[in-house]
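To start, the structure under review is shown below, and the notes come after it.
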Amino acid sequence: MPTLAARSKRYRERLGLSQSEVARRVGVTPQAIQKLEDGRVAAPGYILKLAHVLNVDPNSLQFGDFTQPTVVDVRLLKVMGTAEAGAFRDITLVDEVPEDHLQTIPVVRDARFEHAQQYALKLVGDSMNLVYPDGCFLMCARWGDIGHMKPKPGMRLHVERHSGHLIETTVKEYVQRDGIGLLTPRSTNSAHKEIQVIDNDETQFIIRGLVIGQFLPEPMV
């Protein structure tokens with residue numbers, strides 16, 4: 001029978017979530033999740049909340065009791081395009097793909113945003129590789145559907161920058177410094193720099209979605 005540590009890791013990886021993302025949703029430190037998955041914690045006090053985040057029955061998570069089947073709401077999300085993690089990607093040069101020809105990925109729908117349109121993006125580049133690897137798929141909730149009037153520090157956003165007829169898109173983490181909004185990389189590559197979110201007569205930033213998870217495709221063998 002797998003241990004609690006092994007079950008926690010398996011369920012987390014099934015959802016394509018990092019230890020840091022699980023910790024954020026549960027309300028504990030990433031170190032707490034790491035200790036749990038390393039087997040250094042026998043019975044965490046946050047087990048019920050962790051089970052909810054991992055979308056699994058608490059008994060199945062804690063004791064390996066699979067007598068009650070776990071219902072997982074797996075749906076197919078349409079991959080609406082590619083986001084450049086290294087820089088803004090020009091999407092005016094990309095031919096539109098008919099909706100019925102779009103690629104889809106199987107994901108567990110995030111119940112926190114049940115009433116929001118959810119979609120996927122393929123991530124290209126390494127400016128977010130501390131949290132999202134190059135080539136992964138990001139699950140997003142449509143910004144206009146989730147009721148946020150302003151972005152909050154720590155949110156990872158799908159953002160468009162409009163300059164005349166040029167439309168560029170990227171994924172970055174939002175931070176604030178001295179009252180100025182910044183799109184910041186989370187990368188091992190120091191070449192990536194922060195981008196100031198400042199609208200003017202020539203440039204406008206539009207938030208398209210909130211990143212709510214990731215999907216890692218199976219490796220080729």
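Which of the residues spanning region 149-162 are exposed (fewer than 13 other Cβ atoms within 10 Å of the Cβ) and either over 20 Å from Asn200 (Cβ atoms) or of a type in the set (Gly, Ala, Ser) (or both)?
Narrowing region 149-162 to residues exposed (fewer than 13 other Cβ atoms within 10 Å of the Cβ): 149-150, 152-154.
Once the filter is applied, which keeps residues that are exposed (fewer than 13 other Cβ atoms within 10 Å of the Cβ) and either over 20 Å from Asn200 (Cβ atoms) or of a type in the set (Gly, Ala, Ser) (or both), region 149-162 yields Met149, Lys152, Pro153, Gly154.
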Return yes or no: is Gly209 open to solvent by less than 80 Å² (accessible area, probe 1.4 Å), closer than 22 Å to Arg25 by Cα, at pLDDT below 90 and under 15 Å from the mean Cα position of the chain (by Cα)?
-> no
Of all residues making up region 21-55, the number that are open to solvent by 60 Å² or more (accessible area, probe 1.4 Å) and either assigned to a helix (DSSP H, G or I) or aliphatic (A, V, I, L, M) (or both) = 9
Consider Arg208 carefully, then state whether it is under 28 Å from Arg12 (Cα atoms), in a loop (DSSP other than H, G, I, E, B) and in contact with a strand residue (DSSP E or B) (Cβ under 8 Å, 6 or more places away or on another chain).
-> no
Would you please list the contacts, defined by Cβ atoms under 7 Å and residues six or more apart or on different chains, that run from a residue in region 171-194 that is among the charged types (D, E, K, R) to a residue that is open to solvent by 80 Å² or more (accessible area, probe 1.4 Å) and in a loop (DSSP other than H, G, I, E, B)?
-> Arg186/Leu130
Count - residues of region 7-36 that are in contact (Cβ under 8 Å) with a residue 60 or more places away in the chain and at positive phi = 1
Being in a helix (DSSP H, G or I) and either open to solvent by less than 60 Å² (accessible area, probe 1.4 Å) or of a type in the set (Val, Ile, Thr) (or both) is the filter here, so list the residues in region 3-19 that pass it.
-> Leu4, Ala5, Ala6, Arg7, Ser8, Tyr11, Arg12, Gln19
Among the candidates Ile180, Ile146, residue that is in contact with a helix residue (DSSP H, G or I) (Cβ under 9 Å, 6 or more places away or on another chain) and open to solvent by 20 Å² or more (accessible area, probe 1.4 Å) = Ile146
In region 184-206, residue nearest to the chain's Cα centre (by Cα) [restricted to those that are of a type in the set (Ser, Thr, Tyr) and open to solvent by 90 Å² or more (accessible area, probe 1.4 Å)] = Thr188
Go through (1) under 26 Å from Glu13 (Cα atoms); (2) touching a His at 6+ places or on another chain (Cβ under 8 Å) one by one and return the number of the condition Tyr132 breaks.
-> (2)
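The values are calculated or read from the model by the stated rules, or taken from the named source; none is laboratory data. Bear in mind the structure is a predicted one, so any value in this text is a computation, not a measurement. Methodologically, a virtual Cβ is constructed for each residue, glycine included, from the backbone with ideal geometry; neighbour enumeration extends over all protein chains shown. Keep in mind that these areas ignore ligands, DNA and RNA; they rest on the heavy atoms of the full protein, side chains included. Shrake-Rupley method; radii C 1.70, N 1.55, O 1.52, S 1.80 Å.
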